[in-house]
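Visitor: Structure below; questions to follow.
The values are calculated or read from the model by the stated rules, or taken from the named source; none is laboratory data. Please read all numbers here as calculations on a predicted model, not as lab measurements. Every residue, glycine as well, gets a Cβ built from its backbone with ideal geometry; the counts of neighbours run over all protein chains shown.
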Amino acid sequence: MKAVVYEKYAPNDDFKSILQVKDVADPKPKSNEVVFKVKAAALNYNDIWGMRGVPIPVPLPHISGSDAAGEVIAVGEDIKNFKVGDRVVSHSNMSCRVCEACTDGREFDCLQRTIWGFQTGPLWGAFSEITHLPEVNIAKIPDGVSFDEAAAASMTLLTAWHMLVGRAKIRPGQTVLIMGGGSGVGSFGIQIAKLYNCTVISTASGDKLDKLKQIGADFAVDHRKEDWSKEVRQIAKPFGGIDVSFDHIGQTHWNSQLTLLKYGGTLVTCGATTGYDAKTDLRHIFFKGTNILGSTQGTKAELEQGLYWMGKKKIKATIDSTFSFENAAEAHTKMVTGKGLVGKILMKP
């Protein structure tokens, strides 16, 4: 089979110099594994981290990709819930399944947790014609959801669902601020908040604001403006402020989000694309009784909950563009620059 492979890092983001489409051996299923033909795969920022070799070095040679959707072509001898021909999508949170965290339903807190396609390998990820995963790391794709939509949803739908439903425990009628609504995780965040009948204010660069409203946001604000938080404050004033702020931007917008929250409000964060060394005015935490929640990945059950609503057409994947394996460097460069990017970038064999 062919796959997108790199054998060295590109700390200067010269992805073209390292990415190659190469022939690698077809996988054979272990007793607990499912092998499937990849119909579509999606990019995530951990693919960039992997090629940079930071914050952690990944196994080399490496096949990236944590999101894959496809058709089952072989199953291990112990597999009982999947068969050849099933349409499946990856659940990339790989955990031991036997520790206290895992058996408590917190597989995302497992100390042995790894992210498939990022920390796994050598040569084990989504950007390949055929791939394999343990049975516990795949879910069935509902009828009416395409391979493209499922691949686009795999990690970001799971992350957004866990942030808002699992961690922040949003309730109908709340006012929710979705930072970076043009991203994959942000676009799902908007839709999940609307599914719960919340008022949604979302932010992005100025050229994406109309798209945010098309996705479902009630209000859209350019977060690159210096006074963006003042605009959000005015919008949220009739609602008493922000109940929940959904963050993955980090350093540059962190403290401003804290100032916008109601007393007893919640900031839930899954990332820090602008940097991790954020300034925090502690008065906005102790005096207002603010809840700050970290969040990463989620459970397979949460992924299946999100996929259920995709099957009901209540949540849709926002797909920006699709690239071939041969144009992998171009696809990753587009994700890094983010110019005009709304939703997910896909790659196909």
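Visitor: Taking the range 157-179 on its own, how many of its residues are out of contact with any strand residue (DSSP E or B) (no Cβ under 7 Å at 6 or more places or on another chain) and among the β-branched types (V, I, T)? Working first, answer last.
Guide: Quick first cut of the range 157-179, residues out of contact with any strand residue (DSSP E or B) (no Cβ under 7 Å at 6 or more places or on another chain) only: 157-162, 165-166, 169, 171-173.
Now restrict to residues that are among the β-branched types (V, I, T): 159, 165.
Residues meeting the conditions: 2.
Visitor: Here's a follow-up. Could you please let me know if K237 is modelled with pLDDT of 95 or more and of a type in the set (D, E, K, R)?
Guide: So K237 passes the test.
Visitor: Now, a different point. Given the criteria more than 16 Å from G181 (Cβ to Cβ), in contact (Cβ under 8 Å) with a residue 60 or more places away in the chain and of a type outside the set (K, R), does Q297 qualify?
Guide: Details: more than 16 Å from G181 (Cβ to Cβ): yes; in contact (Cβ under 8 Å) with a residue 60 or more places away in the chain: yes; of a type outside the set (K, R): yes.
When the stated conditions are applied, Q297 passes them.
Visitor: Pick from A217, A236: which is more than 14 Å from G180 (Cα to Cα), buried (at least 20 other Cβ atoms within 10 Å of the Cβ) and among the aliphatic types (A, V, I, L, M)? Quick ask: steps written out before the conclusion?
Guide: Working: A217 fails: more than 14 Å from G180 (Cα to Cα).
Result: A236 is the single residue among A217, A236 that is more than 14 Å from G180 (Cα to Cα), buried (at least 20 other Cβ atoms within 10 Å of the Cβ) and among the aliphatic types (A, V, I, L, M).
Visitor: Also, I was wondering about something else. Only residues that are in contact with a helix residue (DSSP H, G or I) (Cβ under 9 Å, 6 or more places away or on another chain), outside any helix (DSSP H, G or I) and farther than 19 Å from K288 by Cα: list them for the range 220-242, please. Working first, answer last.
Guide: From the range 220-242, those in contact with a helix residue (DSSP H, G or I) (Cβ under 9 Å, 6 or more places away or on another chain) are 220-225, 228-229, 232-233, 236, 241-242; that's our starting set.
Now narrow it down to the ones that are outside any helix (DSSP H, G or I): 220-225, 241-242.
Hits for the range 220-242 are A220, V221, D222, H223, R224, K225.
Visitor: Restricting to the range 61-76, give me the number of residues that are assigned to a loop (DSSP other than H, G, I, E, B) and either over 15 Å from the mean Cα position of the chain (by Cα) or surrounded by fewer than 20 Cβ atoms within 10 Å (Cβ to Cβ) (or both). Show your work before the answer.
Guide: Narrowing the range 61-76 to residues assigned to a loop (DSSP other than H, G, I, E, B): 61, 63-66, 76.
From what's left, either over 15 Å from the mean Cα position of the chain (by Cα) or surrounded by fewer than 20 Cβ atoms within 10 Å (Cβ to Cβ) (or both): 61, 63, 76.
Adding up the residues that qualify gives 3.
Visitor: What number of residues within the range 87-106 satisfy the criterion of being in contact (Cβ under 8 Å) with a residue 24 or more places away in the chain, in a loop (DSSP other than H, G, I, E, B) and buried (at least 17 other Cβ atoms within 10 Å of the Cβ)?
Guide: Here the count works out to 2.
Visitor: Just a yes or no: is a residue in the range 147-158 in a loop (DSSP other than H, G, I, E, B) and either at pLDDT below 95 or hydrophobic (A, V, I, L, M, F, W, C) (or both)?
Guide: Residues of the range 147-158 in a loop (DSSP other than H, G, I, E, B): none.
Taking every residue of the range 147-158 in turn, none turns out to be in a loop (DSSP other than H, G, I, E, B) and either at pLDDT below 95 or hydrophobic (A, V, I, L, M, F, W, C) (or both).
Visitor: Checking the condition among the polar types (S, T, N, Q), within 30 Å of C102 (Cα to Cα), surrounded by fewer than 22 Cβ atoms within 10 Å (Cβ to Cβ) and out of contact with any Lys or Arg (no Cβ under 8 Å at 6 or more places or on another chain), which residue from T273, T266, T337 passes? Reasoning before the result, please.
Guide: Details: T266 fails: surrounded by fewer than 22 Cβ atoms within 10 Å (Cβ to Cβ); T337 fails: within 30 Å of C102 (Cα to Cα).
When all the criteria are applied, what remains is T273.
Visitor: So how many residues does the range 269-294 have that are more than 28 Å from the chain's Cα centre (by Cα) and either hydrophobic (A, V, I, L, M, F, W, C) or closer than 14 Å to D247 by Cα (or both)?
Guide: Applying the first criterion (more than 28 Å from the chain's Cα centre (by Cα)) to the range 269-294 yields 281-284, 286-289.
Still in the running and either hydrophobic (A, V, I, L, M, F, W, C) or closer than 14 Å to D247 by Cα (or both): 282, 286-287.
Adding up the residues that qualify gives 3.
A quick yes/no check of all residues on (1) touching a Phe, Trp or Tyr at 6+ places or on another chain (Cβ under 7 Å); (2) within 29 Å of S183 (Cα to Cα); (3) among the basic types (K, R); (4) modelled with pLDDT under 95:
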| site | (1), (2), (3), (4) |
| --- | --- |
| D67 | no, yes, no, no |
| V72 | yes, no, no, no |
| D78 | no, no, no, no |
| V89 | no, yes, no, no |
| R97 | no, no, yes, yes |
| G117 | no, yes, no, no |
| K140 | no, yes, yes, no |
